[in-house]
1. For the list (1) away from chain A (no Cβ under 14 Å); (2) among the hydroxyl-bearing types (Ser, Thr, Tyr); (3) free of Cβ contacts under 8 Å to residues at least 40 places away in the same chain, I need the number of the one condition that C:Thr424 fails.
2. Condition (residue is out of contact with any strand residue (DSSP E or B) (no Cβ under 6 Å at 6 or more places or on another chain), surrounded by fewer than 18 Cβ atoms within 10 Å (Cβ to Cβ), within 14 Å of chain B (Cβ to nearest Cβ) and polar (S, T, N, Q)) applied to the range C:326-343: is it met by at least one residue?
3. Only one of C:Ser113, C:Ser81 is closer than 23 Å to C:Tyr7 by Cα and of a type in the set (S, T, N, Q). Can you tell me which?
4. Might you check whether a residue that is closer than 17 Å to C:Ala23 by Cβ and not acidic (Asp, Glu) occurs anywhere in the range C:59-67?
5. Could you run through the range C:350-379 and say how many residues are within 11 Å of chain A (Cβ to nearest Cβ) and among the aromatic types (Phe, Trp, Tyr)?
6. So, C:Val94, is that one in a helix (DSSP H, G or I), among the hydrophobic types (A, V, I, L, M, F, W, C), free of Cβ contacts under 8 Å to residues at least 24 places away in the same chain and not assigned by TED's automatic domain parsing to the domain that holds C:Leu198 or not?
7. Could you give me the residue pairs with C-beta distances under 8 Å whose first residue belongs to the range A:46-61 and is loosely packed, with under 14 Cβ neighbours inside 10 Å, whose second residue is in a strand (DSSP E or B) wherever it lies, and which are 6+ apart or on separate chains?
Amino acid sequence: MHPQRKKRLRLILFLVIAVGAAVGLAMYSLSQNINLFQTPTQIANGEVPPGRTIRAGGLVVEGSVVRDKEGLGVTFRVTDGQSEVPIHYEGILPDLFREGQGIVALGQLDNSGVFEASEVLAKHDENYMPPEVQDALEKAHLDGKAKMENANSSDTDTSYGKGAGY
Amino acid sequence: MNRILLFVPLAIFALMGITFWVGLGIEDKTSLPSPLIDHPFPEFELGVVEDGRTLTTADLQGKPALVNVWATWCPTCKAEHAFLNELAADGVRIVGINYKDDVEKARDWLAAFGNPYDYNLSDPKGKLGLELGVYGAPETFLVDADGIIRAKHIGDLNADVWKKLKPQFDAMSGAEQ
Amino acid sequence: MENLALYLPEIGQFALILALVMAVLQVVIPLLGVNQGQLWLMGYARPFAVGQALFLVISLFVLAACFVMDDFSVAYVAANSNSLLPVQFKISAVWGAHEGSLLLWVTMLGLWSVAVALLSRSLPLDMVARVLSIMGMISVGFILFTLETSNPFARHLPSPPMEGGDLNPLLQDFGLIVHPPTLYMGYVGLSVAFAFALAALMSGRLDAAWARWSRPWTTAAWIFLTVGIALGSWWAYYELGWGGWWFWDPVENASLMPWLVATALLHSLAVTEKRGLFKSWTVLLAIFAFSLSLLGTFLVRSGVLTSVHAFASDPERGVFILALLGICVGGSLLLYAIKAPTVASVGRYEVVSRETFLLLNNLVLVVMALAVLTGTLYPLVYDFMGLGKLSVGAAWFNTMFVPLTVILAVLMGLGAASRWKKDTLPRLAGVTAVAALVAIVFAVVTPFIVQGEWQGKVVLGLGVAAWLVAATLADIWKKSHGKLAKIPKLGMSYLGMVLAHTGVAITIVGVTMVSNYSIEKSVRMSPGDVETLGDYQFEFTQSGKIEGPNYTSQAVRFNVIQDGEVIEQLTPEKRHYSARNSIMTEAAIDVTLFRDIYVSMGEPLENGAWGMRLQVKPFMRWTWLGAIFMALGGFLAMLDKRYRRRVGVAQA
């Protein structure tokens, strides 16, 4: 082989290996840094081990927001129309955090089943539902439908989604 | 060999394109318009915006209706209101759900922009909305004379959307007559 | 006059249709001319480009007029404006949502085409014809898209609403008047580099002259992108109300990717111009840069990147976008695959040479762009495969960018100091040894003096920044032989590079300091309360109400106290916009070159207390100051004499 070509080939080979290694590392690091979204139903069913960082979301249940007497702690529940999860958060809530609004929280489940949030997100548009929450609501509705059909639809008057303790 | 290498970017792009396309195809199949379709309208017992009387699910039945979820805080609702007025003028029965809103504001709105609704159910807490799986206003449901939900549209109702919904609505009205 | 105003939206739409006709002619006639070798047909490229732009500008002005006159019969106006909206926001509301920003996009494409048409006297006519024809193709696609799926002039007739729904309050801000147009200018500007690359491919004349022609255009687009991204970051910082300035969200990522690739393209073009190398690679970068711009503008705007549902809810729009992207990117890559072999590079260079460093720099920039692309698309792919919803944390992007930026900065210093064609390691080491030493000493000593402790990231960040500045200064010293008077004679292009590289160093310092030394506190405060954060005391003095044109706000007054003296009064607000019933946080910021004090309000609590967020962010301004330096550097480089040479030289 022509020495010039050999040199070139070696350079290309080096680059390919370097790029390959970088991609491998990047993908590994990516897999360590993803936060899965879990619906309240999934959490209520115990599908999420405590301590793992996930994103959880749903509609904030009316009347469930309770502020601590001191400091900035706040506790509220979110629902997907089927199950509810209590969330505790310490800090400033976003402007569009309201009862009935769809939110997404990042954090971990503690051993008592409370979701300890480090971040609470609500988008700056009252018409906008976080897509994950939208999906969770739909899933819950689908589940509700399936359950009803299993119950042989004897009680067709039952409304969809259990509501949330109004 | 060099020549083949030059096709690599194109191949990668084509692969990405196909993934996108297939992925979107899957998405379209799994996401039903609404799980409520072909199911009865949820039970309710709510006050009416216009005169305060209380209505229940039974009052919805008897005649096909467009059930329109709206609110005075919703800009898109304002945008679609004119079209609803047109539909009402054409004899379409529209029932409103005033979603997470203030009755006084809703009355002012109806006085200012016209009232295309047969009546408006006041749903200040969004309870009925939740049961209907409403993500935000506006949303519109097609409900037949037996109170069964037949179709759902998210977003504003306009001439284009109505073109698609109208045949279904006409069929419902035809069956009733 | 009365009647004219009544039909204004129709006039706008008609102008848009005429622009489409012009664009079609701009594609067909010049290309026909090239094909037939008819100069007079090629000559039509310029007038058609001017005509197209004229009608687009009319169309955009008409839309702006509809906003200013509160014509709520236009659906887009009704959804995004309000009679109470201040007039400057009525104008910026034109690009406040999808339809209008699309119109702005094509109008800018038209204006860039005019710029090419008018400033291309030094180019052979067949090249001008090809370039404008390609830009016309892009124009045709997107005007069609606008008319078909996103017509901003669509009406609500016969009974228009009395009042509009108001502009999203988040967008009612100076930053949003200037940020999107600037960014769009950058996105669209890359179409010029793209068109030049494709034109060169088509003609088979991929040479130094081509690189020289497209360099200033690429630089111009790059400047707009740089400023646009910085403006976006600045806007998010003061408007979103919690002091974050970069979130790695899809919208930001979408603007960063074309910037990274365009930066690579600038440097690759330099090699192609000076040495006639890397031609294929340069063409590929030009295609990628514009493709990523398209991805940025349209996939993000249409919401496909953030949610597949946006696609499902409006499939017509989504399919059109995908088809356009497919034709544009697929077509150009196909042309590349077929035509690129005929223009293989000639010329040799040693392993240790400026070429190698620039190639490595290109590689790092492309890897950065790929990392951003991966992080942005990963959740989407995951969702497609039915595995669930996830988000990629900012931590991942930071993990990727910190080491890559360090490598990039080291290469930048070496690249600028190295020689073309052939250099040796001992020489290079000799030139840069002092700079390296200065950098190491600075990086190790400074954090210790300031903070009394070392943090790995700070040492690294300050180190590479110092290295970059020191290596650049050493290079100037050497090139000017130590005489200040000689510095201006080094050439605009060179001085531009110096300025831009200094800008990168400044941004690195800013990012390093603000990420590692920011302090913040979220607290419950009542009138009279004093909180201490770092060297500062924050005294809550009073609270009250402020009335704005289309909002009312609750405000809190703070005294910021340092060493017992009040240095500043800050008034953060919580605004309530009635038309949309939405609430906005207006942060109050005290700015100096070396630190920002940032105070924003949370929610009201009982007994007049408020949740408050207090922050001190050192060197915050440097992050954006660096971008200004980079943009100025690009501007200087564009002014270089050699881009203004006439035909004879360019064709040589």
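The values are calculated or read from the model by the stated rules, or taken from the named source; none is laboratory data. This is a predicted model, so every value here is computed, not measured. As a convention, Cβ positions derive from the backbone with ideal geometry for all residues, glycine included, and neighbour counts pool all protein chains shown.
1. Exception for C:Thr424: condition (3).
2. Yes, the conditions are met somewhere in the range C:326-343.
3. The unique qualifying residue is C:Ser81.
4. Yes, there is a match, as at least one residue in the range C:59-67 is closer than 17 Å to C:Ala23 by Cβ and not acidic (Asp, Glu).
5. 1
6. Judged against the criteria, C:Val94 is not a match.
7. A:Glu47/A:Gln38; A:Pro49/A:Leu109; A:Gly51/A:Gln108; A:Gly51/A:Leu109; A:Arg52/A:Gln108; A:Arg52/A:Leu109
Results for (1) of a type in the set (Gly, Ala, Ser); (2) modelled with pLDDT of 90 or more; (3) assigned by TED's automatic domain parsing to the domain that holds C:Phe397; (4) touching a Pro at 6+ places or on another chain (Cβ under 9 Å), shown as yes or no for each residue.
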residue	(1), (2), (3), (4)
C:Trp454	no, no, no, yes
C:Trp467	no, yes, no, no
C:Ala470	yes, yes, no, no
C:Gly482	yes, no, no, no
C:Val498	no, yes, no, no
C:Pro527	no, yes, no, no
